[in-house]
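Throughout, read-outs are computed from the coordinates displayed, never taken from laboratory work. In this text the structure is predicted, and so the values were computed from the model without any measurement. So basically every Cβ, Gly included, is an ideal-geometry build from the backbone, and we count neighbours across all protein chains shown.
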Protein chains: 2
Amino acid sequence: MKNEKLKRVMILETAGHVGKEVLIKGWVRIRRDHGKLIFLDIRDRSGLVQVVVNPKVSESAYKAAQDLKPEFVVEIAGRVNSRPKGTINKDLPTGEIEIEANSITVLAKAEILPFDMSGDLHVELPTLLDHRSLTLRHPKVEEIFKVQARVLEGFRKAAEEFDCTEIVVPTIVASATEGGAELFEVKYYDHKAFLSQSPQLYKQMMVPVFERVWTIAKAYRAEPSVTTRHLSETTQLDFELGFVSFEELMDILEDVATAMFKHVESVYTLPEKIKYGKIPRLRLREAQEVIYREFGRDNRNEKDLTPQDEIDICKWAKEKHKSDLVTITHFPTKAKPFYIMPDPKDSEYSLSYDLLFRGVEILSGGQRVSDYNQLVKAIKDRGMKTGDFDMYLMAFKYGMPPEGGFSFGLERITMKLLGISNIREASLFPRDMERVDERFS
Amino acid sequence: MKNEKLKRVMILETAGHVGKEVLIKGWVRIRRDHGKLIFLDIRDRSGLVQVVVNPKVSESAYKAAQDLKPEFVVEIAGRVNSRPKGTINKDLPTGEIEIEANSITVLAKAEILPFDMSGDLHVELPTLLDHRSLTLRHPKVEEIFKVQARVLEGFRKAAEEFDCTEIVVPTIVASATEGGAELFEVKYYDHKAFLSQSPQLYKQMMVPVFERVWTIAKAYRAEPSVTTRHLSETTQLDFELGFVSFEELMDILEDVATAMFKHVESVYTLPEKIKYGKIPRLRLREAQEVIYREFGRDNRNEKDLTPQDEIDICKWAKEKHKSDLVTITHFPTKAKPFYIMPDPKDSEYSLSYDLLFRGVEILSGGQRVSDYNQLVKAIKDRGMKTGDFDMYLMAFKYGMPPEGGFSFGLERITMKLLGISNIREASLFPRDMERVDERFS
């Protein structure tokens, strides 16, 4: 057999082998039968290439090609030829060549696809998710998660720039981080435990250890509602830093977000280029004034921006400041978790912020209460038991510097970078009220 | 105030400021009162430096220093002086200088420590864990997690080398990965779900999407036993690769392990240098023969190595092959999960492997069953329902290449790199039968 002597060449590299025999391995994306010739689009992890199967070149390859269907796994040996000028495909890095098949070996067969995967993928969300291990192979769907991988990479690069230490935090916890309901209960041996609402308390405890930390961690919210922007299991990208002021924190969060996005853009051409401008910073009340003035809705006494407010303030930021990002600060202290620092100048409002991106909150954070006694009071004021926070409070009892941090939501960022309308499409295997892979019937 | 004009200098950098005034921020590690002079060891995220407080230089700084206790958070302005020759500390990067304090500001106080943190930390494991947010500040404990962060970094670098795509997998799942009990049950809205035993099934589904993937994911095991090497929540470092043979997989796993360890050693001086030698590869039965021959224990019919076997075979590998690592292959098919490929030459044994490091298994993996029908049969043979694996099986129905992969246990690696005897010390916040931060009473 010829194949045994050939080493596999990645598809992206085949263009560099014109005139030579190569061996490729991958999946049949499309098979076009032109009668005298069969054309195959073959994909591997590096890219896509066209294979021509000509019975005059190899009768056996032609015979094998007749049985091929989309998603068959194949090994193809063939000669790399330059394409005639009129047939060059400029959209493909391998578009100037094609491979003339000498032999085709089927490594695995595939059943007939339940829907057409050759062009755009026209399926409804439930179908998309019901067939997740298949639909993820579609180039448009695959791309979402290639971008997501670059977001993670960009975040880690930024963390390195800021001299942060990576930490691994637990997800099984004894009590609520934020207080409130929305906790998933775990049967933990003979005890009851919960899934963590956020890595918040753990990253704070690490400030006196490493001063600056980051973590990529899971967060769980048992929100009994179905929206296009909530998941029951999400991925959070977290920073926490000691010896920072609120102003420094705002600078850092915007620097990290920008660095992360620029990293993605350095590798991918996103559907819409990101406008960085100078990121406007507004207090909640100022943002609500803008909403009132420019969009005619009077939400000036609300505790938070409404979803429509978020969309509109982003519209405003883009028009007025050429920025896809906007930082909103000073949310009411009562609307925030106990660990958020009230503004010393006006304790009704807190040193908190959200970062909005293209109409949705992708990050929240702020300055923390770092004084032990103030923290104990804040926990009690919210009707929670300090006994549930013993280990956390210990960190503050033994010397906690002024500190703060923030947390990005990975799936929301992915969604907004790619103009996806439902967050479920931005999670490989989304968890919500209605499904854990399979739909609850 | 002088301080307001000075920008913070990281402690590690102070040595470059001899003769100049600097501002440092950090924690008091030790305070030594010599009557006429007070010496402070101050630490920040970059290092440790000695501060001298002389009442003749600053009466107010001297007064402030008298009240300082370990773990107080301080801001100190002072002049960097070269130390007299006899007092140079060669163990410290800042050992040739000291800072003469002009002013000391206390940013946060600390209560009196419940045990001595100034020298080696002599506390029992329960005390170490009961005071976790405090004990982690001890340099010896902190170092464990600095090494752990480098293991993660080294793993990611290797993943990049092997052209793998990062994926994010869910932890809430509908059914068992491995079959068997040992699952934590989650109350999931009105349904029952579980915590994932491993990212196994998800990473396999991603092979037809990205061909080569990696993930750092949580794995949960409700093992109702207390040992020094099991945790209820662990961190797994996973690879899964398409188009690989069992031999290629063994090469890759050993390359990844070696690259990861060498990365750590490039940054840290470990207590004991790792011996790489040429990693010996033995079938389980061969390893058991060695145990019988060299150590006199006849376990030649056992399904796995016993803990003592693992210790002894590592001893043997180190002596005979100058290797701290040893790869054991061909475990009995029946003792392995359904997704592990039986050896086509002898289906009683499987194309599986464990990597042992200094007496403990730190990785397991192998070639997978990639044929749909064979996989369905393997699930049924183990008494499980194929209906519980619909989405997983779908990946195989639609073209799965030959594939395989492996999974490292982060905490076990950390433990063995540092010669730690109990895995709980290698997790920031370990989860076991007896505690979730607080001890169950």
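Tabulated results
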{"item": "Length added when fully stretched, B:Ala181-B:Glu96, from 0.36 nm per residue minus Cα-Cα", "result": "24.7 nm"}
{"item": "Lys, Arg +1 and Asp, Glu -1 on Cβ, resulting dipole of chain B about Cα centre, debye, nearest 20", "result": "1260"}
{"item": "Approximate spin-label separation B:Asp388-A:Glu21, in nm, with each point projected 7 Å along Cα-to-Cβ", "result": "4.9"}
{"item": "Distance between modelled label sites at A:Asp371 and B:Gln374, nm, 7 Å Cα→Cβ extension", "result": "6.8"}
{"item": "Charged-residue dipole, Cβ positions (Lys, Arg, Asp, Glu), the stretch A:311-441 about Cα centre, Debye nearest 20", "result": "160"}
{"item": "FRET efficiency, 1/(1 + (r/R0)^6) with R0 45 Å, evaluated for B:Lys157 and A:Glu59 via beta carbons", "result": "0.40"}
{"item": "Mean-position separation - Cα centroids, the stretch B:48-110 and the stretch A:281-306, in angstrom", "result": "49"}
{"item": "Residues of the stretch A:220-261 with amide N under 14 Å of a point placed 7 Å along Cα→Cβ from A:Glu434", "result": "A:225-232"}
{"item": "In the stretch A:121-164, GluC sites (Glu not before Pro) in a DSSP loop with at most 15 other beta-carbon atoms within 10 Å", "result": "A:Glu124"}
{"item": "Relative packing of B:69-79, A:406-416, A:379-389, B:372-382, which averages over residues the other C-beta atoms within 10 Å, highest first", "result": "A:406-416, B:69-79, B:372-382, A:379-389"}
{"item": "Chain A, rotation onto B, residue closest to that axis via Cβ, with its distance in Å", "result": "A:Val186, 3"}
{"item": "Fewest-first ranking of A:Trp316, A:Trp214, using other Cβ atoms within 10 Å as the exposure measure", "result": "A:Trp316, A:Trp214"}
{"item": "Listed residues B:Leu92, B:Leu356, B:Leu393, most fluctuating in chain B (Gaussian network, C-alpha, under 10 Å)", "result": "B:Leu92"}
{"item": "Cα gyration tensor shape of the stretch B:241-306, rounded if a/c is under 1.5, else prolate or oblate by comparing a/b with b/c", "result": "oblate"}
{"item": "Residue of A:Ser60, A:Ser175, A:Ser133 that the Gaussian network model of chain A assigns the largest fluctuation, springs spanning Cα pairs under 10 Å", "result": "A:Ser60"}
{"item": "19 Å cut-off, amide nitrogen to a point 7 angstrom out along A:Arg8 Cα→Cβ, residues in the stretch A:17-38", "result": "A:17, A:21-30"}
{"item": "Neighbour-count order for B:Lys303, B:Lys336, B:Lys157, fewest beta carbons within 10 angstrom listed first", "result": "B:Lys303, B:Lys157, B:Lys336"}
{"item": "Exceeding the 29 Å Cα-Cα cut-off - candidates A:Lys187/B:Lys146; A:Lys157/A:Lys275; B:Lys157/B:Lys273", "result": "A:Lys187/B:Lys146"}
{"item": "Unit charges at the beta carbon, dipole of the protein assembly as shown: most positive-side option, A:Tyr202, A:Ile340, A:Met260", "result": "A:Met260"}
{"item": "Cβ neighbours within 10 Å from other chains - mean over B:140-150", "result": "3"}
{"item": "Residue order, fewest to most surrounding Cβ atoms within 10 angstrom, among A:Tyr62, B:Tyr188, A:Tyr220", "result": "A:Tyr62, B:Tyr188, A:Tyr220"}
{"item": "Distances in nm from A:Ser60 to the matching label points in the other copies, shortest first (labels 7 Å along Cα to Cβ)", "result": "9.1"}
{"item": "Centre separation in Å (Cα based) which lies between the stretch A:126-158 and the stretch B:187-222", "result": "15"}
{"item": "Acute angle (nearest 10 degrees) that the helix B:246-267 long axis makes with the longest principal axis of chain B, alpha-carbon atoms", "result": "0"}
{"item": "Which listed pairs, of B:Lys278/B:Lys303; B:Lys334/B:Lys377; A:Lys278/A:Lys322, have C-alpha distances above 18 Å, in listed order", "result": "B:Lys278/B:Lys303"}
{"item": "Order by protection proxy (mean Cβ within 10 Å, highest first), peptides B:229-238, B:36-45", "result": "B:229-238, B:36-45"}
{"item": "Cβ-based charge dipole, the stretch B:37-171, positive-most Cα from B:Leu129, B:Ala65, B:Pro114", "result": "B:Ala65"}
{"item": "For the stretch B:209-318, with +1 on Lys and Arg beta carbons and -1 on Asp and Glu, the positive-most of B:Ser225, B:Thr235, B:Ile311 along the dipole", "result": "B:Ile311"}
{"item": "At R0 = 22 Å, FRET efficiency that the Cβ-Cβ distance of B:Ser245 and A:Lys69 yields, to 0.05", "result": "0.30"}
{"item": "Expected 222 nm ellipticity per residue - DSSP helices of 4 or more, -39500 (n - 2.57), all of chain B, to 500", "result": "-8500 deg cm²/dmol"}
